[in-house]
Each structure stands twice: as structure tokens, then as C-alpha cells.
Amino acid sequence: MSQTAATRQLRAREYLMVPPENFAVEYEINPWMDTSTEVDARLAVKQWEALKDALISKGHTVHTLVPEKGLPDMVFAANGAFTVDGVAYGAKFKYPQRSDEAKAHREFYESRDWTFRAPTLTNEGEGDFAYANGLILAGYGFRTDVTAHAEAQEALQRPVVSLKLVDPRFYHLDTALAALDDDNITYYPQAFSEASQRVLRQLFPDALIADEEDAEAFALNLVSDGLNVFLNTESVGMATKVMDRGYVPVLTDLSELKKGGGSVKCCIAELRR
Ligand code: ARG
């Protein structure tokens with residue numbers, strides 16, 4: 001039976017974000033980044049504030065880290081770790097330009113009541129790990145090393161399912177797949193290898209299937225609380241699709257951050273207790 005907004009329920013969440021005060025496109029490590037593009041960091045901060053306010057207005061708690069100079073991608077907080085059951089598995093960035101970000105995230109968890117497990121293998125946190133149905137869905141192919149999936153399983157004691165990403169535009173799992181609630185996901189099939197598409201069909205036969213336009217709009221880069229689906233304003237097709245499934249789209253313009261190759265989800269790490 002299909003659900004409506006009246007029957008879906010949100011679960012209050014805890015999130016971690018980093019303001020984009022130092023946001024810039026100073027290097028090119030994904031196909032969306034172009035160092036000749038002008039970036040308006042002040043507008044980026046305004047847009048980011050609106051996203052943060054939208055989360056708070058729906059009853060969620062947002063923690064923030066202090067942004068650091070020389071780390072222009074630090075706004076993409078999702079990449080700093082992956083958490084589940086009160087355990088944080090730390091990130092180890094692929095590119096040296098971002099590697100110092102991991103320390104700030106580690107300090108956040110270590111100074112609070114989290115168990116922090118340090119990584120030895122390259123992985124970009126929630127950029128390549130998602131959580132649904134008691135499973136950790138894990139992407140590889142561009143950033144996270146597939147060997148880190150096994151390390152994550154040992155660290156987090158949850159089954160990890162490896163999924164191969166094949167389209168460089170969708171270089172992190174969170175650009176191609178998102179959890180909509182505790183049991184269901186949405187994804188863009190063509191971002192995955194044929195075999196991984198088959199695996200996703202087996203695990204999530206009722207998944208909301210996205211198309212290329214959704215993926216290019218960074219519509220899969222969403223955050224959902226089980227009822228409200230936080231999307232960027234370009235995601236018009238996805239907004240309709242989630243509404244048809246009984247979710248409530250909440251739209252924020254994140255045009256500046258798209259220049260860095262990220263959107264809603266990239267800015268938000270979920271802290272799962
Ligand atoms: N410029 C950043 C990078 O290429 C963007 C990261 C986007 N984050 C994400 N979770 N997909 O690393």
C-alpha cells in the first residue's frame with residue numbers, strides 16, 4: 001500500500017555541518033570543479049544557512065565544526081566520517097588537498113560520547129557510505145578504496161554491500177543513491193555497474209528510480225528524515241517523485257556549492273546513535 005504524507009513519520013536526527021566561509025574552487029578533483037569559475041563565498045554561506053535553518057525548522061539538531069583556512073572543501077561535511085550505532089569510522093581522503101579535514105572530524109567525535117575507529121584505508125565517509133535497512137551501502141570506483149569496505153564492516157559491525165560506481169560525474173555514492181527512510185532508497189541505476197544494479201534491485205525492489213536529469217541536478221544528493229526530503233531547488237523532477245511517494249520535499253538553493261561538485265547531502269553528515 002502506498003503511503004501519504006499523513007502516514008509517513010519523521011525521526012528527529014542529529015547532523016553535523018561546516019559553514020562554507022572558506023569555500024572556493026582552487027583545484028579540480030571531480031568533473032564539476034572548474035578553477036576558472038567565480039565563486040561567491042558569501043552567497044554560499046547564505047545558501048548554506050538556509051539549508052541549516054530548514055533542518056532546524058523540522059526539529060533536527062545541527063552541530064557545526066569551525067571551518068579552517070586552506071580547506072575550501074570543508075563545507076562538504078559528509079566526507080569526514082561515517083557513523084552508525086554510536087560508532088564513527090573516520091575518513092581518509094583520497095586527495096591530499098582534503099586530507100587535513102579528517103582531523104577536525106576525528107576531534108569532534110573523540111571529544112564527545114562516540115567510539116571513534118580510525119581508518120587505515122582510503123574512504124570518504126558518508127560520501128561513499130549510506131545506511132538503509134540495517135545495511136551499509138558502500139560505493140567504490142572513484143574515491144573510496146574497495147578494501148575500506150571490509151575495514152568499515154569490522155569497525156561498525158554491520159553488513160557492508162559493495163557497489164561499483166562507473167560514471168565519473170557521480171563519483172561519490174551520495175551523488176547517485178540516497179536513503180529515503182529506514183527501509184527504502186532512491187538511486188540512479190546507470191551510475192552503477194550492471195552487476196551492482198542487479199544487487200540493488202534484489203535488496204530494494206521498491207526503490208524510487210531516478211533518471212539522468214535527477215542525477216545531473218544533484219537530486220540524489222538529498223537528505224531525508226523519513227518524511228521531509230531536503231533537496232536543492234534544481235531537483236524539480238525528484239521533488240514530484242518523492243511527493244508521489246508521500247514524502248514532503250523541502251527545497252534550498254545551493255547553486256554556489258554545486259560548483260564544488262556537491263549539494264545537500266554533501267553538506268550534512270548524519271550522526272547515528
Ligand atoms: N569538491 C569536493 C570533492 O570533490 C566535493 C565533495 C562532495 N561531497 C560528497 N559527499 N559527495 O571532494
Counted residues in the range 80-117 being within 29 Å of Q9 (Cβ to Cβ) and within 12 Å of the ligand (Cβ to nearest atom) come to 3
Read through the list (1) over 23 Å from A215 (Cβ atoms); (2) within 16 Å of the ligand (Cβ to nearest atom), then give the number of the only condition that H63 fails. (2)
So which pairs qualify, if the first residue must be in the range 158-175 and within 16 Å of L135 (Cα to Cα) and hydroxyl-bearing (S, T, Y), the second must be in a strand (DSSP E or B) and at pLDDT 95 or above, the Cβ gap must be under 9 Å, and the two must be at least 6 apart or on different chains? S162/L137; S162/A138; S162/G139; S162/Y140
Can you list the strands (runs of 3 or more DSSP E) found entirely within the range 170-257 that contain at least 3 residues being farther than 30 Å from T35 by Cβ and not hydroxyl-bearing (S, T, Y)? 248-252
Do we find a residue being away from the ligand (no atom under 16 Å from the Cβ), free of Cβ contacts under 8 Å to residues at least 60 places away in the same chain and among the polar types (S, T, N, Q) anywhere in the range 218-229? no
Do we have A77 as within 12 Å of the ligand (Cβ to nearest atom) and in contact (Cβ under 8 Å) with a residue 40 or more places away in the chain here? yes
Restricting attention to the range 201-213, which residues are crowded, with 17+ Cβ neighbours inside 10 Å and touching a residue at least 40 places away in the same chain (Cβ under 8 Å)? F204
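Quick one: would you say Y131 is out of contact with any Gly (no Cβ under 9 Å at 6 or more places or on another chain) and within 10 Å of the ligand (Cβ to nearest atom)?
no
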In the range 156-173, what count of residues is obtained for those that are away from the ligand (no atom under 13 Å from the Cβ) and surrounded by fewer than 22 Cβ atoms within 10 Å (Cβ to Cβ)? 9
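The values are calculated or read from the model by the stated rules, or taken from the named source; none is laboratory data. Nothing here was measured: the structure is a model prediction, and the numbers come from that model. Neighbour counts are summed over all protein chains in view; Cβ atoms, including those assigned to glycine, are modelled from backbone coordinates with ideal geometry.
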